[in-house]
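Inspection log for the structure reproduced underneath, given as structure tokens.
Throughout, read-outs are computed from the coordinates displayed, never taken from laboratory work. These figures come from a predicted structure and were not determined experimentally.
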Amino acid sequence: MKVKVSYFASLREELGRAENTVKSDESTLSIHTLWTLATQQKTFPSNILVAVNQEYVDLNSNVLDGDEVSFFPPVTGG
């Protein structure tokens, strides 16, 4: 499977890239496993928002071949 992964705001800055592609022999991946494969970080950030194919999803969701996944940090402002 192949999944396009995008990062926004502070996640983009922290990881040093806006997007990458994850390839796996699995037919589905959990959001947490995708994060680990995409970022090489085992710890999943707290309060992160995830969208699959431009729709926000629960963190217990799975992704499929061809999905586009976006990770957003918590929104802050003043």
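Computed from these coordinates, which is Cα extents along the principal axes in Å: [x] 76, 25, 20; [y] 64, 36, 25; [z] 43, 24, 21? Correct label, based on the coordinates given: [z].
Take every DSSP beta bridge whose two residues both sit in the chain; close to 80 percent of them are antiparallel.
Using θ = phi - 60° in the Karplus curve 6.51 cos²θ - 1.76 cosθ + 1.60, the 3J(HN,Hα) couplings for the range 30-38 round to 6, 4, 5, 5, 4, 4, 4, 5, 6 Hz; x is entered for Gly and Pro.
The relative contact order of the chain, computed from alpha carbon pairs under 8 Å that lie at least 6 residues apart in sequence, is 41 percent. Across the range 5-19, rounded Karplus estimates of 3J(HN,Hα) from the backbone phi angles (6.51 cos²θ - 1.76 cosθ + 1.60, θ = phi - 60°) give 10, 10, 10, 10, 6, 5, 5, 4, 5, 5, 7, x, 7, 8, 6 Hz, Gly and Pro being marked x.
For the range 43-51, backbone phi angles converted through the Karplus equation (6.51, -1.76, 1.60; θ = phi - 60°) give residue-by-residue couplings of 7, 8, x, 6, 6, 6, 9, 10, 10 Hz, Gly and Pro being listed as x. Subtracting the Cα-Cα distance of Asn60 and Thr28 from 0.36 nm times their residue separation leaves 10.3 nm of extension gain.
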